[in-house]
Amino acid sequence: MSTPILEIRDLHVKYGNVEALHGIGLTVNQGEIVTILGANGAGKSTTLRAISGLLKPSGGEIRFEGKPAHTVPAHERVKLGIAQSPEGRRVFGTLTVRENLMLGAFTRSDKAGIAESLAWAYRLFPVLEKRRDQLAGTLSGGEQQMLAIGRALMAKPRVLLLDEPSLGLAPLLVKAIFQAIREVNQTTGLTVLLVEQNARAALKLAHRGYVMEVGRMVLEDTAEALIADPKVQSAYLGGR
Ligand code: ATP
């Protein structure tokens with residue numbers, strides 16, 4: 001088995017004195033879509049923030065391509081190839097769609113490559129090209145989410161971290177966004193770590209999944225096995 005692209009070992013994260021992650025483990029292999037499921041407050045966003053370097057762990061390890069990454073500053077982690085599309089979108093409302101996308105490429109200097117990534121983001125989300133000169137603040141919620149994902153892709157990441165891409169979106173838009181994530185994964189082999197409350201949609205998209213409860217990983221399996229698991233069904237898929 002080759003080295004996982006991302007590996008977390010016994011990770012602890014605290015907010016002040018309160019521990020939010022109690023020693024979690026997670027493995028993501030090259031080319032996989034892995035999802036983390038869990039209720040509100042389980043620690044999913046905290047996990048992603050620790051991976052992208054926005055939070056400093058109080059213990060444990062984060063390894064990227066076999067090397068320690070938890071000691072690398074956040075902006076250097078983008079250069080390593082870790083890009084996050086944060087929860088709540090956080091696009092720059094007073095900049096245009098195109099300017100927002102270009103900001104995602106701030107660590108790159110390969111002009112031709114950047115132009116190629118931009119063309120690719122537009123192909124993936126045609127509405128962004130249509131609205132490229134429009135201020136991002138005037139986009140709908142779904143369009144802002146597409147922009148946030150497009151911006152993360154502009155960094156040409158090796159691993160894309162997605163925090164709740166379906167949050168607050170109508171089902172049709174959720175479908176479009178998940179379809180785009182699948183397309184990126186299938187055509188480029190991009191590895192994706194997806195945090196979602198929409199467990200059904202996430203498990204349909206993902207290859208494997210983890211279930212998180214109050215700061216601990218309690219289950220880990222293939223997406224297929226998790227969908228069939230009665231505990232997962234009653235707790236996260238609305239029972240059956
Ligand atoms: P959600 O879907 O609501 O974002 P989550 O699974 O992503 O849930 P986290 O946001 O990671 O959960 O939160 C994990 C725990 O850490 C919760 O108990 C939460 O209250 C706490 N927490 C999160 N952010 C902070 C913060 N900035 N300061 C203090 N505690 C926090």
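The values are calculated or read from the model by the stated rules, or taken from the named source; none is laboratory data. Quick caveat: nothing in here was measured; it's all calculated off a predicted structure. All Cβ positions, glycine included, derive from the backbone under ideal geometry; neighbour counts span all protein chains shown. When the accessible area is computed, the model is the full protein with side chains, heavy atoms only, and any ligands, DNA or RNA have been set aside. Shrake-Rupley method; radii C 1.70, N 1.55, O 1.52, S 1.80 Å.
Seen against the Cα atoms of the chain and their longest principal axis, helix 141-153 is set at about 90 degrees.
Given the options LEU172, LEU135, LEU101, which has the most mean-square fluctuation in a GNM of the chain, springs set between C-alpha atoms less than 10 angstrom apart? So, out of LEU172, LEU135, LEU101, the one fluctuating most is LEU172. Residue separation of ASN29 and LEU167 scaled by 0.36 nm, minus their Cα-Cα distance, works out to 47.1 nm of gained length.
Longest exposed-loop-site-free stretch of the chain, with chymotrypsin sites (Phe, Trp or Tyr not before Pro), DSSP loop and at most 15 other Cβ within 10 Å? The reported range is 107-240.
Considering only LEU161, GLY38, PRO230, the residue lying farthest towards the positive end of the dipole of the chain is LEU161, judged by Cα position with unit charges set on Cβ. Ordering ILE8, GLY25, LEU48 by Cα displacement along the dipole of the chain toward the positive end leaves LEU48 in first place; charges were set at the Cβ atoms of Lys, Arg (+1) and Asp, Glu (-1). Amide H to amide H, with H built 1.01 Å from N, VAL218 comes under 5 Å of VAL211, MET212, GLU213, counting only residues 5 or more places away or on other chains. Could you tell me whether the stretch 27-71 comes out rounded, prolate or oblate from its Cα gyration tensor? Rule is a ≥ b ≥ c as square roots of the eigenvalues, rounded for a/c under 1.5, then prolate if a/b exceeds b/c, otherwise oblate. Oblate.
Stretched out straight at 0.36 nm per residue, the stretch from ASP221 to ALA176 would grow longer than its current Cα-Cα span by 13.6 nm.
Placing unit charges on the Cβ atoms of the charged side chains and taking the dipole of the chain about its Cα centre, the candidate lying farthest along the positive direction among PHE64, PHE106, THR191 is PHE106.
Placing +1 on each Lys and Arg Cβ and -1 on each Asp and Glu Cβ, with no other charges, gives the stretch 1-138 a dipole about its Cα centre of roughly 320 debye.
How much of the accessible area of the chain, probe 1.4 Å, is carbon plus sulfur, in whole percent? Answer for the chain: carbon and sulfur cover 53 percent of the accessible area. The charge dipole of the stretch 106-240, taken about its Cα centre with unit charges on the Cβ atoms of Lys, Arg (+1), Asp and Glu (-1) only, comes to about 260 debye.
Stretching LYS56 away from LYS231 to a fully extended chain increases their span by 59.8 nm, per 0.36 nm per residue minus the current alpha-carbon distance. If I model a spin label as a point 7 Å beyond the Cα along the Cα-Cβ vector, how far apart are those points for HIS12 and GLU129 in nm? Calculated label separation equals 5.1 nm. Between LEU21 and VAL13, the built amide H atoms are under 5 Å apart, and every one of these is 5 or more places off in sequence or on another chain. Taking 7 Å steps out from each Cα toward its Cβ at GLN186 and SER2 produces label points 2.1 nm apart. When nucleic acids and ligands are ignored and a 1.4 Å probe is applied, GLU32 ends up with an accessible area of around 30 Å². Here's the list of lysines a cross-link from LYS111 could span, going by alpha-carbon distance under 25 Å and ignoring same-chain residues fewer than 8 apart: LYS79, LYS130, LYS156. Restricting attention to the chain, close to 55% of DSSP beta bridges with both partner residues there are antiparallel. Rounded to the nearest Hz, the phi-derived 3J(HN,Hα) couplings of the stretch 168-177 under the Karplus curve 6.51 cos²θ - 1.76 cosθ + 1.60 (θ = phi - 60°) are x, 9, 5, x, 5, 5, 4, 4, 4, 5, where x marks glycine and proline.
Near VAL97: Cβ cut-off under 11 Å, other residues only, Lys/Arg at +1 and Asp/Glu at -1. The net charge is +1. Computed from the C-beta positions of GLU19 and THR96 and an R0 of 35 Å, the FRET efficiency is 0.25 to the nearest 0.05. Local charge for LYS175 was computed over the other residues whose Cβ lies under 14 Å away, with Lys and Arg +1 and Asp and Glu -1, and equals +1.
Taking only protein heavy atoms and a 1.4 Å probe, what accessible area per residue, in Å², does the chain have with all protein chains in place?
Details: 11290 Å² over 240 residues.
It amounts to 47 Å² per residue over the chain.
The magnitude of the dipole of the chain, with charges of +1 and -1 set on the Cβ of Lys/Arg and Asp/Glu and taken from the Cα centre, is near 420 debye.
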